[in-house]
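As structure tokens, the structure follows; a few thoughts come after it.
Every number here is computed from the coordinates shown, using simple stated rules; none is lab data. All values derive from a computational prediction rather than experimental measurement. No Cβ is skipped: glycine too gets one built from the backbone with ideal geometry, and neighbour counts run over all protein chains shown.
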Amino acid sequence: MTVYQATASAPVNIACIKYWGKRDTKLILPTNSSLSVTLDQDHLRSTTTSRADPSFQQDRLWLNGTEDEIKEGGRLATCIREMKALRKQLEDKDSSLPKISDYHVHISSRNNFPTAAGLASSASGFAALVASLAALYQLPTSRSDLSRIARQGSGSACRSLFGGFVAWQKGERADGSDSLAVEVAPREHWPDIHALICVVNDEKKGTSSTSGMQRTVETSPLLQHRIKHVVPERMAAISKAILARDFDTFARITMQDSNQFHAVALDTEPPIFYMNDVSRAIIALIVEYNRVAVEKGGKLKAAYTYDAGPNAVIYAPKENIKEIVELIVKYFPQAENFKDPFGLFGAAGVQGKVVEGFNEAVAKPFSVGAVKGLIHTRVGDGPRTLGPEEALLGPEGLPK
Ligand SMILES: Nc1ncnc2c1ncn2[C@@H]1O[C@H](COP(=O)(O)OP(=O)(O)OP(=O)(O)O)[C@@H](O)[C@H]1O
Ligand SMILES: C[C@@](O)(CCOP(=O)(O)OP(=O)(O)O)CC(=O)O
């Protein structure tokens with residue numbers, strides 16, 4: 001008997017222009033466009049296996065081995081329903097195709113990093129879900145069209161359908177048909193962009209993005225200014241900077257937009273604080289690191305950005321990452337050795353230090369554990385279809 005099953009993996013993305021606010025909460029239509037860098041799946045990824053089988057009694061999903069309820073009308077149910085509808089259209093056009101759109105599905109997914117901790121697991125998770133169902137159903141659908149479905153799982157997920165540098169165009173239509181992700185540039189265009197994630201907290205966060213952003217929409221006058229007067233210009237300027245590989249402009253806009261996102265969070269009633277003292281100290285270090293570079297006649301060398309949590313993501317050209325790791329380790333001693341996927345440091349490991357001319361008084365040193373870990377990664381590719389050896393469902397259609 002044929003087994004209808006497919007496995008796919010999808011990357012995390014971290015926005016430089018932040019999505020924050022919905023104009024339609026059901027369809028997940030944003031109040032502004034956004035733009036992100038897709039990170040390398042070799043380091044951070046969600047992997048998902050989907051199977052359709054006539055013996056299954058209902059659609060079921062396991063996340064990291066534990067069953068997650070698929071609530072009727074909820075985000076998971078919407079994505080699965082939309083993907084089945086695309087398969088149904090194919091079957092209606094071509095009677096030779098097996099009618100698997102009628103079967104229930106079993107889905108097993110794993111994240112190789114903490115879930116719901118502000119490391120964008122919902123983005124890679126829903127992108128992997130949609131990519132695995134697209135492979136299962138053998139859909140000829142374009143990535144932008146699939147991004148419309150992933151968007152209904154979690155807004156930021158639509159951007160994980162592409163590698164490289166990705167824009168989510170907010171769209172104008174009420175039905176959401178023009179609210180989708182497009183590639184600004186593939187990773188090959190600017191592979192030199194690396195990222196250092198400083199894990200400040202890997203526990204489940206206080207105010208979820210979903211509820212926080214709607215409170216901002218309802219109460220923040222600053223958000224209205226951001227939507228109308230700030231984001232459109234920044235989207236155009238950062239896209240141009242990416243196409244020109246202009247890191248100075250890319251970094252400036254990225255930091256400005258992170259700052260403004262946290263300003264609209266603060267402008268919310270009651271106010272929302274996602275950054276903590278550790279996050280702010282990292283900002284001070286990057287600002288000083290850049291100041292030294294500019295004073296020596298150079299350009300910006302690093303850009304920080306923060307999502308709905310205290311973890312920092314630092315974007316920089318590869319050649320600067322060694323100095324940045326040394327800087328962070330100097331102020332935030334690490335319990336564990338730095339995992340060095342790009343071989344920047346020899347057997348001696350990282351020695352904390354600052355660059356010449358750096359004013360060490362900009363931040364106080366923290367104790368071990370303030371930054372729990374450092375993840376060095378880089379710009380990466382879009383979802384991958386994997387072979388049967390990577391499957392997360394066993395022969396009975398249950399998680400392995
Ligand atoms: N691999 C996955 N497959 C399906 N759904 C997932 C997967 N990983 C995460 N999710 C869904 O995303 C939720 C976590 O999303 P949430 O927005 O709270 O955290 P986050 O994505 O880590 O943080 P943020 O989006 O703010 O950076 C999970 O509770 C789950 O519903
Ligand atoms: C701060 C952000 O990371 C917010 C992400 O919000 P989500 O995409 O997690 O929200 P929902 O659409 O409600 O699922 C900024 C960004 O990724 O653009």
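Model label points for Lys240 and Glu269, set 7 angstrom from Cα along the Cα-to-Cβ axis, are 3.8 nm apart.
For the range 235-245, the Karplus equation 6.51 cos²θ - 1.76 cosθ + 1.60, evaluated at θ = phi - 60°, returns couplings of 4, 5, 5, 6, 4, 4, 4, 5, 4, 8, 6 Hz by residue, with Gly and Pro reported as x. When you restrict to C-alpha pairs under 8 Å that are six or more residues apart and normalise by the size of the range 193-378, the relative contact order lands at 33 percent.
Multiplying the residue separation of Thr115 and Lys318 by 0.36 nm and subtracting their alpha-carbon distance yields 70.4 nm.
Available extension along the chain between Glu91 and Glu295 is 67.0 nm, counting 0.36 nm per residue and deducting the alpha carbon span. For the chain, the convex hull drawn through the C-alpha positions has a volume of 148 cubic angstrom per residue. I want the antiparallel fraction of DSSP beta bridges within the chain, as a percent rounded to 5. In the chain, approximately 95 percent of DSSP beta bridges are antiparallel ones.
Taken about its Cα centre, the chain carries a charge dipole of roughly 480 debye when the Cβ of each Lys and Arg holds +1 and the Cβ of each Asp and Glu holds -1. Per the Debye formula on identical point scatterers at the alpha carbon atoms of the range 334-400, with no solvent, log10 I(q)/I(0) at q = 0.19, 0.28 Å⁻¹ is -0.99, -1.25. Once both labels are modelled 7 Å past Cα along the beta-carbon direction, what's the Gln214-Arg173 spacing in nm? About 2.5 nm separates the two model spin labels. What's the local net charge at Thr219, with K and R +1, D and E -1, over the other residues with C-beta under 11 Å away? Value of the local net charge: -2. Listed by chain and number, the aspartates and glutamates whose alpha-carbon sits under 16 Å from that of Lys71, ignoring those within fewer than 8 places in the same chain, are Asp59, Glu82. For the chain, averaging the sequence separation of C-alpha pairs within contact (under 8 Å, six or more residues apart) and dividing by the residue count gives a relative contact order of 23 percent. Size check on the range 6-161: the Cα extents along the three principal axes, sorted descending, read 46, 31, 29 Å.
Check the range 193-378 and count each lysine pair with an alpha-carbon distance under 15 angstrom, considering only pairs eight or more places apart or from different chains. The number of close lysine pairs in the range 193-378 is 12. Mean projection of the Cα convex hull over all viewing directions, computed for the range 193-378: 11.5 nm². Pairing the Cα long axis of helix 121-136 with the longest principal axis of the chain, what angle in degrees results, from 0 to 90 and rounded to the nearest 10? Its long axis makes an angle of about 30 degrees.
The charge dipole of the range 193-378, taken about its Cα centre with unit charges on the Cβ of Lys, Arg, Asp and Glu (plus for the first two, minus for the last two), comes to roughly 300 debye.
Taking 0.36 nm per residue of separation and subtracting the Cα-Cα distance, full extension of the segment from Ser55 to Asp24 would add 7.5 nm. Between Cys158, Cys16, Cys79, find the one with the highest GNM mean-square fluctuation for the chain; connect C-alpha pairs within less than 10 Å. Greatest mean-square fluctuation among the candidates belongs to Cys79. Placing pseudo-labels 7 Å out from each Cα toward the beta carbon at Glu360 and Gln224 gives an inter-label distance of 5.0 nm. Between Leu386 and Thr7, Ala8, Ser9, the built amide H atoms are under 5 Å apart, and every one of these is 5 or more places off in sequence or on another chain. Which residue, Thr38, Thr78, Thr254, tops the fluctuation ranking in a GNM of the chain built on C-alpha contacts under 10 Å? The residue with the greatest mean-square fluctuation here is Thr78. Just to confirm the number: angle between the C-alpha axis of helix 318-331 and the first principal axis of the chain, 0 to 90 degrees, nearest 10? Tilt relative to the chain: about 70 degrees. What is the angle, in °, between the Cα long axis of helix 277-295 and the longest principal axis of the Cα atoms in the chain? Nearest 10 is fine, range 0 to 90. The answer is roughly 60 degrees. For the range 66-148, the equivalent ellipsoid derived from the Cα gyration tensor has semi-axes of 26, 14, 11 Å, listed largest first.
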